[in-house]
Amino acid sequence: MTKVEIELNGLPFSLETGRLAKQANGAVLVTLGDTKVLVTAVTSGEPREGIDFLPLMCDYKEMFYAVGRIPGGYFRREIGRPTEKETLTSRFIDRPLRPRFPEGYNYDTQILATVLSVDPEIDPDVLAITGASAALHVSDIPFDGPIAGVRVGRVDGKFIVNPTKTELSHSDMSLVVAASRDAVVMVEGGLAVLPEEEVLDAIFFGFEASQPLLDMQEELREKAGKPKFDVPVVEIASGIEERVKELASERLDSIIRIPEKVARSKAKKELFSEVWEVLAEEFPDSRGEVFSILKDLEKEAMRNMIVRERVRIDGRKFNEVRPISCSVGDLPRAHGSAVFTRGETQVMAVATLGSVEDEQRIESLSGDISKHFMLHYNFPPYCVGEVRPLRGPARRDIGHGALAERALAAVVPPPEDFIYTIRIVSEVLESNGSSSMATVCGGTLAMMDAGIPIRDMVAGVAMGLIKEEGDVVILSDILGDEDHLGDMDFKVAGTEEGITALQMDIKIAGIDKAILEKALVQAREARMHILGKMREVMDKPRESLSKYAPKVTTLQINPDRIRDLIGPGGKNIKGIIAACDVRIDVDDSGTVHVFAPSEDASAKALAMIDSLTKDPEVGDIFTGTVKKITDFGAFVEIMPGVDGLVHISQLDNRRVNNVRDVVKEGEKLKVKVIEIDPNGRIKLSRKVLLPADSASRRG
């Protein structure tokens, strides 16, 4: 067993190998305080035939025994679809690692991070990034590492590496930064509307903070690392590359200049098919090589066009945003809706308001969590002209939705100011680059169309990078092909005042501070342009909510009367809900929220609640139930659990000798409160409600 250890944010941080999971190619136990994550790396040992990509699987799994809990659900075990947290963390692990495997490494490879123990103050997610790199680094798997991951927070202006949960609750940022020895390789997180220069400082604080973790991995490999195995170099048949270039180069140069995505894709597909048709007889066993060379030629042609000719695929300037059009209120019955179109990317965003009962409840290692703001991103196959079965949201869809949700969460009113639960659904109708950022723009407009009092407008843009032999070109509002064939995908969302969320993935070794600073400045210019276009359609939230949104009324009742509102087994509150078609939320302080489809339904529900919970006052009239008869009067229950006495002298206009001559137990009786003594005893009268000349007599 080999272990290396340092101190991180005042806690012991260690990497250990050689004791657990010894049959894996590499296994490392990462520990920070009482939080422990076991990360393993395993390869099939031989390449998968017929593929030209890396079949890498990264999975992060949180076990409930890590916090001494038994999971909920019927099966009482961690099975089935991963949680959103697990999916997002799996993506955190995958994205910085994937570009660091050698060319031609097409081996089935799995990284599995299992959370074994958790201190509720220490989130295990970011530990898994460093653990995955360490497991690969000590293994025999070829890997251009190490890399390390940290979370950056800031409290009272001071940056903190891997902040605790308490520290993070006071932080104005939460950034996950992955870095190599030379550069930042991945960034993702949310911010409280911060200027670009402060965000840049945070990113490079994370870069510096990651360096000791890289030193630990190098030390661990030096003490316990295995020799790396070689990846066989695939020999390309003699003459095949020249023949492909001869057949395709000139046409490819023309095809990449076709501005429309569908037309460009169709022309490229036709060319690839024609080239293979010509070469199939000459090189029958080299189909994969032919298509690989064609893709390399396409990438080279596009990058040369941008770097050397200073021309983009669709003819735009490097800092130019595609044409934008927006509309709101497209869906008359939705609470809020908007369509945002930027070039060939189009999103329909729909806002829905609900009650507190509609909040999302999440079972997590840190306890049960409720979310009052949700954003769900859908990427149907038709948006890219494809045919495929619907299987629910993919990891990419969940990741894009989480990014857009973080971007908008910074401006959503808190629950104490806006009682509604808010759900945004993004339907991607067309996609050719940065549908997640279009979701941010559409989501902003949809919430304003719904009348949600957001603090400010948010827009987003995706930036790209082409780096060739010292030449660096930063591209604003990248197309899908510029993302696919470029070196960086950098998404930045924010308001006029600053950034609320960002995500960066690098496909090369990394980028330095100067390049990143330039990208942030250029992204701000693009964001200001987009916000201007959005304001032309709507520049502030509507004055009132949609007429189809639920009507909410808030009232305060005596906390001691909550049990009366709810009733035995929930009988009373369920009865009001059923009778009025409303939703009722009540908290321990006695605050009651009534969500109703109309004013009439709201008024009816409020009257029923009032009848159950109102504290009696002198002059109030009730129809109560006679509960007990004595010689001196009748006790009447005027509200659940609230009795008052009708003295024999207050039963009738005539003299009553026997109470039972006038009332009987169980009878309904209309009475008025005539006195409440200092001890809370209630005196009632039936007599004052009778006509002066009337008298009651049983007989």
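Results, tabulated for the structure shown:
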quantity	calculated
Any hit, region 412-424, residues being hydroxyl-bearing (Ser, Thr, Tyr) and either assigned to a loop (DSSP other than H, G, I, E, B) or within 18 Å of the chain's Cα centre (by Cα) (or both)	yes
Residue check for residue 542: assigned by TED's automatic domain parsing to the domain that holds residue 347 and within 28 Å of the chain's Cα centre (by Cα)	no
Within region 88-207, strands (runs of 3 or more DSSP E) holding 1 or more residues that are more than 22 Å from residue 40 (Cα to Cα), of a type in the set (Val, Ile, Thr) and in contact (Cβ under 8 Å) with a residue 60 or more places away in the chain	158-161, 184-194
Hits in region 436-473 (condition: aliphatic (A, V, I, L, M), surrounded by fewer than 24 Cβ atoms within 10 Å (Cβ to Cβ) and closer than 21 Å to residue 531 by Cβ)	448, 454, 457
Top-ranked residue of region 223-255 - restricted to ones that are in a loop (DSSP other than H, G, I, E, B) and hydrophobic (A, V, I, L, M, F, W, C), ranked as farthest from the chain's Cα centre (by Cα)	237
Of all residues in region 398-411 being assigned to a helix (DSSP H, G or I) and among the hydrophobic types (A, V, I, L, M, F, W, C), the one that is nearest to residue 438 (Cα to Cα)	404
Strands (runs of 3 or more DSSP E) fully within region 613-699 counting 1 or more residues that are among the aromatic types (Phe, Trp, Tyr), modelled with pLDDT of 90 or more and over 30 Å from residue 589 (Cα atoms)	633-639
Residues within region 503-524 that are in a strand (DSSP E or B) and modelled with pLDDT under 95, tallied	4
Filter result for residue 393 (in contact (Cβ under 8 Å) with a residue 40 or more places away in the chain and either in contact with a Cys (Cβ under 6 Å, 6 or more places away or on another chain) or assigned to a loop (DSSP other than H, G, I, E, B) (or both))	no
Scope region 312-329; condition surrounded by fewer than 18 Cβ atoms within 10 Å (Cβ to Cβ) and among the hydrophobic types (A, V, I, L, M, F, W, C); matching residues	318
Number of positions in region 302-340 that are of a type in the set (Val, Ile, Thr), over 15 Å from residue 534 (Cβ atoms) and not in a loop (DSSP other than H, G, I, E, B)	2
Number of the exception - residue 502 against (1) of a type in the set (A, V, I, L, M); (2) within 19 Å of the chain's Cα centre (by Cα); (3) over 16 Å from residue 202 (Cβ atoms)	(3)
Subset of region 564-599 (residues that are free of Cβ contacts under 8 Å to residues at least 40 places away in the same chain, over 22 Å from residue 418 (Cα atoms) and out of contact with any strand residue (DSSP E or B) (no Cβ under 8 Å at 6 or more places or on another chain))	568, 569, 570, 571, 574, 575, 578, 579
Residue 3 vs. criteria in contact with a Ser or Thr (Cβ under 8 Å, 6 or more places away or on another chain), of a type outside the set (A, V, I, L, M, F, W, C) and assigned to a helix (DSSP H, G or I)	no
Region 341-376, subset assigned to a strand (DSSP E or B), of a type in the set (Val, Ile, Thr) and in contact with a Ser or Thr (Cβ under 9 Å, 6 or more places away or on another chain), residue modelled with the lowest pLDDT	362
Neighbours by Cβ (under 9 Å, 6+ apart or cross-chain): first from region 527-542, touching a residue at least 40 places away in the same chain (Cβ under 8 Å); second of a type in the set (D, E, K, R) and buried (at least 16 other Cβ atoms within 10 Å of the Cβ)	530/342; 530/477; 533/342; 538/449; 541/449; 542/449
Among the candidates 133, 44, residue that is surrounded by fewer than 22 Cβ atoms within 10 Å (Cβ to Cβ), of a type in the set (Gly, Ala, Ser) and in the same structural domain as residue 212 (by TED's automatic domain parsing)	44
Selection within region 1-36 - β-branched (Val, Ile, Thr), crowded, with 16+ Cβ neighbours inside 10 Å and within 19 Å of residue 224 (Cα to Cα)	2, 4, 17, 28, 30, 31
Count - residues of region 42-64 that are within 34 Å of the chain's Cα centre (by Cα) and without any contact (Cβ under 8 Å) to a residue 12 or more places away in the chain	0
Condition broken by residue 479, with the remaining ones in (1) within 27 Å of the chain's Cα centre (by Cα); (2) at pLDDT below 95; (3) over 23 Å from residue 297 (Cβ atoms) satisfied	(3)
Number of the condition not met by residue 437 [criteria: (1) over 30 Å from residue 301 (Cβ atoms); (2) within 17 Å of the chain's Cα centre (by Cα)]	(1)
Candidates 344, 405 - the one that is under 30 Å from residue 594 (Cα atoms) and not assigned by TED's automatic domain parsing to the domain that holds residue 119	405
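Quick grid of which residues meet (1) within 20 Å of residue 488 (Cβ to Cβ); (2) in a strand (DSSP E or B); (3) without any contact (Cβ under 8 Å) to a residue 40 or more places away in the chain:
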{"site": "432", "(1), (2), (3)": "yes, no, no"}
{"site": "437", "(1), (2), (3)": "yes, no, no"}
{"site": "440", "(1), (2), (3)": "yes, no, no"}
{"site": "443", "(1), (2), (3)": "no, no, no"}
{"site": "453", "(1), (2), (3)": "no, no, no"}
{"site": "457", "(1), (2), (3)": "no, no, no"}
{"site": "460", "(1), (2), (3)": "yes, yes, no"}
{"site": "465", "(1), (2), (3)": "yes, yes, no"}
{"site": "472", "(1), (2), (3)": "yes, yes, no"}
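To keep it simple, each residue is scored yes or no on (1) assigned to a helix (DSSP H, G or I); (2) β-branched (Val, Ile, Thr); (3) over 19 Å from residue 602 (Cα atoms).
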| position | (1), (2), (3) |
| --- | --- |
| 526 | yes, no, yes |
| 532 | yes, no, yes |
| 537 | no, yes, yes |
| 541 | no, no, yes |
| 549 | no, no, no |
| 553 | no, yes, no |
| 561 | yes, no, yes |
| 569 | yes, no, yes |
| 575 | yes, no, no |
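The values are calculated or read from the model by the stated rules, or taken from the named source; none is laboratory data. Quick caveat, the model's predicted, so the values are computed rather than measured. Here Cβ is always computed from backbone atoms with ideal geometry, including for glycine, and neighbour counts include all displayed protein chains.
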